[in-house]
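The values are calculated or read from the model by the stated rules, or taken from the named source; none is laboratory data. Computed from a prediction, not measured in an experiment: that's the story for all the values here. Backbone-built Cβ (ideal geometry, glycine too); neighbour counts: all protein chains shown.
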Amino acid sequence: MCSKTKMKISVWNHSVVLLALMMMMMIWVANGEEHGTRKIGVGVILDMDSQVGKSIRVSILMAIEDFDKDTNNSTTIMIPHFRDSKNDNVEAASAAIDLLKNTQVQAILGPLKSSQADFVLDIAQRSDVPMISPATNPDLSPVRNPYFIRIAQASSTQAQPIAALVKSFGWREVVFVYEDTDFGRGPIPYLSDAMVNISAQVKYRTLLPSSSSDDRILQELYKLKTMQTRVFVVHMLPALASRFFKKAHEAGMMAQGYAWIITDVLTGLLHQLDPQAIDSMQGVLGVKPYIPPSNQLTNFEKRWRRKFHKEDPDIDKVEPDMFGIWSYDFVIGLGIALKSVENELTTTFKRPGKASTDLAAIGTSEMGPIFLPMIRDIRRKGVSGDFQVVNGQLQTSVYQIVNVIGKEGKPIGFWNSNNGISNRLSHNQNTTNKDDRLGAIIWPGDSQQFPRGWEIAPGGDNRLKVGVPVKGGFVEFVQASIDPITKEVNASGFCIDVFKAVIEALPYDVPYKFIAYENSNGEPTDYNDFVHQIVLKKFDMVVGDVTILWNRSNHVEFTLPYSESGVSMLVPVKVDDSKDTWIFMRPLEKKLWLTIGGFFIYIGFVVWVLEHRVNKEFRGPPHQQLGMIFWFSFSTLVFAHKEKTISNLSRFVVIMWIFVVLVLTSSYTASLASMLTVQKLRPTLTNISQLKARGDYVGYQDGSFVGGMLKAMGFPDDKLKKYTNTTEFANALLNGTTKNGVSAIVDEVPYLKMLQANKSRKYAMVGPTYKTAGFGFAFPKGSPLVTDFSTAILKVIEGQMSNISDKWFRDEADYPGKNEDVEHFDKLTLESFKGLFFVAGLSSTSALIVFWLMLLYENKEILVSNGSVHSKLMAIIQSFDDKKDQKAAEIETVRDSKVHAEEIMLDDLRLSPAISVYHQGEGVFSPESPIHQ
């Protein structure tokens, strides 16, 4: 057979085979269409070289197989199309374009990394194709991107459980260590805000590129080691974290006293780290979303391991991670959603007529908008427990806290947003019991004592440098002395004993050493300068009788006060034996005496004016009328006057004045009786205002803020004297202001009480107490010790404080003369009776005005006459001086006399029935006479 013939036969045979294949394909498609089968392409973009990528791939394959088995009669078949992102953003985007343009997938699972997901998301949204990714960067938001569905927890959600963990151990400072990627930077702002909410400071942030060399990592670690903070929050992927913790162990930072907290992704992928890295992480704490154990989960893990080894037999030890488990549950949910709309399914894309780029040529999916709402909200019981995707975000209500011990993370507790930290779950796995205790923890360095979170002086003398003042007086509070041989500083006093008690009350040991402070020129300690030594970093804290003031708080931070607060005045007292000749004048102050005298004269004048025209008792020669003015009003103090008032106006005035006199006499009597019968000791001054008004000398403690306070109150510099100890205070008060001494000492209450305790019968604390915050310990701004010391101070105050006070200051019950009554007598002042005098003055003046108006009305003919003003005035005065209706007045007087006589006779008859006659003048009347009747 010729070669040409053979060639024709060969071509024919190939044609027949190709035709047969095409016919078989047409028959298969026809059968598929007959049975209504729909093949839905699902794109999967993963880093196939990473263990997480391999884990998710196996989980997706298992989910599709399980879904097909459970839905044998379903006409919907999911076909996965895997693409390798090769750990590159551009490769991931290229894979997405290929899947959408050439394969026309209806959903994209992946990519894993946040930076890759950000690239792919824009392409998927433009094509109306949902993108399902475990990317954790919170900047990728399902709310802002409706076609993005996150099947993992956003890294921002772990901020609260980490903050709760920091708070539970009382740590006040933390350092963030994170990798320089979108994944690493994402949760840092949220973690920072969470630390602010628990009053913890972020002292430093270390940013490491994912490609950092070991030398670079070691360099950063040594920098962290020089800081005081010993609590570190690490947010890294396993690749960088493995090298980081190896170097941390090498730098000696995985030892006792350090605390390390790792974030959820690293905690969930601990099984991927090599054994050497795990050995370096012993004692580390971590948080991760909680997946509850179940038979379904156990069965899934067994099947998953078998399938993984079948797919990749070269890897020996593998475990399914949380991303693989969530991917499995979601793909099952995706299949259910597709099945529910299988009658509406279509695999076509709407393509534009002309497209200038490959991206524009993709078109948009017709099916994407149909089933997108269904997969943005999925609620089902899955391998991971209650699997819920709400508004495109996977929901996890409980976080698990683990402690790296041995080869794995040992669970020690849980956290949820309702109850916080607990060591166990309740029957409802979405809640925890209200219990902030965790299980037993092994800390770095194989220690069981939790780290205090800071170190005083890293790399050197780690003792707390405590500044104490060298004082020449008031050594009962604090005194520092230097041993001439050992050069050690010894300190004693009330403040030192309180400090030592607080150290004992702390939950951890704080080694310390005292450092003495005194002025180089030998002058008394300037406490502002003493406190400023903290700012200069000469002291880590200062202990002593240091008052908490706002201007000092601008530079340092104070603990809670541990002493009484306030500034008051101490003055000498003198024994009052009540033999003072003028003691009756003391109950009322001078202003009140003068006011009372003035009102007596004024009321007498008003009554005289009102009664002068109508009452003969108020007429007569000028000297008699003047005497009546004084007599009438002053007589109301001791007895009722015999002169009757006729005018209603004057009666009104007298009634009001008698009420005023009643109140004044009652108050005066009570005060005088108290002075004569109760008070035995009397201070020479009663308040600071009186001291300033008298212009006396005032003493205060040298170096104290009280001097500036007195100047601000208006005391001149030449009236202020400084003293350094109790002896000088006592001598100054003894000498008094006239003998080169002072009339009073103004100082803080603790000092005054100590001086009063030593000389209790000689001094009294008087006047208002000006509030201050009291004594406190000072630290640098932001020191983590402030809160712990404040808590310990409260414990000491409730327990040992009374014993410490008794040691240095005698109890008040032991003061000599304690039972003596000290007069803190305040005279009755005009301020107390202003209202009373106002009522009396208003009533009397009103009556006087009404009288003069009535007088002018009666003499209106004079007012309208043509005379001069002087003549009219003299006429009105004459009218006032004339008796008003003299005859009527006389008749009224006679009538009053007769009535009075008749009343007397009737009273006599009642007193003695035997009397039957009444004698009046020379006449005798019988009981039956008309007069009697």
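Pairs meeting the criteria (first residue in segment 239-257 and on the phi > 0 side of the Ramachandran plot, second residue assigned to a helix (DSSP H, G or I), beta carbons under 6 Å, at least 6 apart or on different chains) are lacking.
Listed by position, the strands (runs of 3 or more DSSP E) enclosed by segment 435-510 that each have at least 2 residues that are in contact (Cβ under 8 Å) with a residue 60 or more places away in the chain and either surrounded by 14 or more Cβ atoms within 10 Å (Cβ to Cβ) or at negative phi (or both) are 464-469. The set of residues in segment 55-114 that are out of contact with any Pro (no Cβ under 8 Å at 6 or more places or on another chain), in a loop (DSSP other than H, G, I, E, B) and farther than 20 Å from GLY335 by Cα comprises LYS86, ASN87, ASP88, LYS113.
When restricted to residues that are over 18 Å from GLY186 (Cα atoms) and at pLDDT 90 or above, segment 105-119 contains 5. For segment 317-324, the criterion of being within 30 Å of ILE162 (Cα to Cα) and touching a strand residue (DSSP E or B) at 6+ places or on another chain (Cβ under 9 Å) is met by at least one residue.
For segment 132-147, which positions are surrounded by 20 or more Cβ atoms within 10 Å (Cβ to Cβ) and under 40 Å from the mean Cα position of the chain (by Cα)? Listed by number, the residues that qualify are PRO134, ALA135, THR136, ASN137, LEU140. Of everything listed in (1) part of a loop (DSSP other than H, G, I, E, B); (2) surrounded by fewer than 18 Cβ atoms within 10 Å (Cβ to Cβ); (3) not basic (Lys, Arg), the single unmet condition for LEU685 is (2). All of LYS246, LYS203, LYS167 fail the test of being assigned by TED's automatic domain parsing to the domain that holds ALA277 and at pLDDT 95 or above, apart from LYS246.
Among what's in segment 69-104 and is out of contact with any strand residue (DSSP E or B) (no Cβ under 7 Å at 6 or more places or on another chain) and closer than 17 Å to LEU338 by Cβ, pick the residue that is modelled with the lowest pLDDT. Here the residue is ASN73.
Looking at segment 754-771, is at least one residue out of contact with any Leu (no Cβ under 8 Å at 6 or more places or on another chain) and either crowded, with 22+ Cβ neighbours inside 10 Å or without any contact (Cβ under 8 Å) to a residue 12 or more places away in the chain (or both)? No; the residues of segment 754-771 include none that is out of contact with any Leu (no Cβ under 8 Å at 6 or more places or on another chain) and either crowded, with 22+ Cβ neighbours inside 10 Å or without any contact (Cβ under 8 Å) to a residue 12 or more places away in the chain (or both). The number of residues in segment 281-328 that are over 21 Å from ASP47 (Cα atoms), not hydrophobic (A, V, I, L, M, F, W, C) and not in a loop (DSSP other than H, G, I, E, B) comes to 11. Could you check segment 401-422 and list, in sequence order, the residues that are in a strand (DSSP E or B), among the basic types (Lys, Arg) and over 16 Å from SER447 (Cβ atoms)? Within segment 401-422, no residue meets the criteria. Any idea which residue in segment 772-782 is surrounded by the fewest Cβ atoms within 10 Å (Cβ to Cβ), counting only those that are within 18 Å of ILE534 (Cα to Cα) and modelled with pLDDT of 85 or more? Only one residue fits best here, namely LYS781. Mind telling me which of the residues SER912, SER846 ends up being modelled with pLDDT of 80 or more, out of contact with any strand residue (DSSP E or B) (no Cβ under 7 Å at 6 or more places or on another chain) and of a type in the set (Ser, Thr, Tyr)? Just a single option satisfies the conditions, and that option is SER846. If you go through segment 115-129 and keep only what is at negative phi and touching a Pro at 6+ places or on another chain (Cβ under 9 Å), you end up with ALA117, PHE119, VAL120, ALA124, GLN125. Screening PRO161 on (1) touching a helix residue (DSSP H, G or I) at 6+ places or on another chain (Cβ under 8 Å); (2) at pLDDT 95 or above; (3) buried (at least 23 other Cβ atoms within 10 Å of the Cβ) shows it passes everything except condition (1). Sort out which residues of segment 166-186 are among the aliphatic types (A, V, I, L, M) and in contact with a Gly (Cβ under 9 Å, 6 or more places away or on another chain), and write them in order of number. Selection gives VAL166, VAL174. Applying the criterion of being of a type in the set (Phe, Trp, Tyr) and more than 13 Å from LYS203 (Cβ to Cβ) to the residues of segment 222-258, the residue that is surrounded by the most Cβ atoms within 10 Å (Cβ to Cβ) is PHE245. Cβ-Cβ contacts under 8 Å between residues 6 or more apart (or on different chains), taken from a first residue in segment 375-393 that is assigned by TED's automatic domain parsing to the domain that holds SER340 and closer than 20 Å to TRP304 by Cβ to a second residue that is basic (Lys, Arg) and in a strand (DSSP E or B), are listed as PHE387/ARG379; PHE387/ARG380; PHE387/LYS381.
Would you say ASP483 is out of contact with any His (no Cβ under 6 Å at 6 or more places or on another chain), at pLDDT below 95 and under 30 Å from GLU728 (Cα atoms)? Here the answer is yes, as ASP483 does meet what is asked. Within segment 522-538, one or more residues are basic (Lys, Arg) and at positive phi.
Candidates in segment 115-131 are the residues that are in a helix (DSSP H, G or I) and without any contact (Cβ under 8 Å) to a residue 40 or more places away in the chain; of these, the one that is nearest to the chain's Cα centre (by Cα) is ALA117.
Scanning for something at pLDDT below 85 and out of contact with any strand residue (DSSP E or B) (no Cβ under 9 Å at 6 or more places or on another chain), does segment 441-457 turn up at least one residue? So far as segment 441-457 goes, no, none of its residues is at pLDDT below 85 and out of contact with any strand residue (DSSP E or B) (no Cβ under 9 Å at 6 or more places or on another chain).
Determine whether segment 858-870 contains at least one residue that is surrounded by 11 or more Cβ atoms within 10 Å (Cβ to Cβ), without any contact (Cβ under 8 Å) to a residue 40 or more places away in the chain, among the polar types (S, T, N, Q) and farther than 30 Å from SER666 by Cα. Scanning segment 858-870, I find at least one residue that is surrounded by 11 or more Cβ atoms within 10 Å (Cβ to Cβ), without any contact (Cβ under 8 Å) to a residue 40 or more places away in the chain, among the polar types (S, T, N, Q) and farther than 30 Å from SER666 by Cα, so the answer is yes. With the requirement that a residue be hydroxyl-bearing (Ser, Thr, Tyr) and modelled with pLDDT under 95, what does segment 170-191 give you? If the condition is that a residue be hydroxyl-bearing (Ser, Thr, Tyr) and modelled with pLDDT under 95, then THR181 is the only one that fits.
Take the residues in segment 511-521 that are under 20 Å from PHE477 (Cβ atoms) and not hydroxyl-bearing (Ser, Thr, Tyr), then tell me which one is surrounded by the most Cβ atoms within 10 Å (Cβ to Cβ). Here the residue is PHE514. Scanning segment 259-277 for residues that are crowded, with 20+ Cβ neighbours inside 10 Å and outside any strand (DSSP E or B) gives THR263, ASP264, VAL265, LEU266, THR267, GLY268, LEU269, LEU270, GLN272, LEU273. What about GLU858, is it of a type in the set (Asp, Glu) and modelled with pLDDT of 75 or more? Judged against the criteria, GLU858 is a match. Considering only residues in segment 372-400 that are assigned to a loop (DSSP other than H, G, I, E, B) and on the phi > 0 side of the Ramachandran plot, the one that is surrounded by the fewest Cβ atoms within 10 Å (Cβ to Cβ) turns out to be ASN391.
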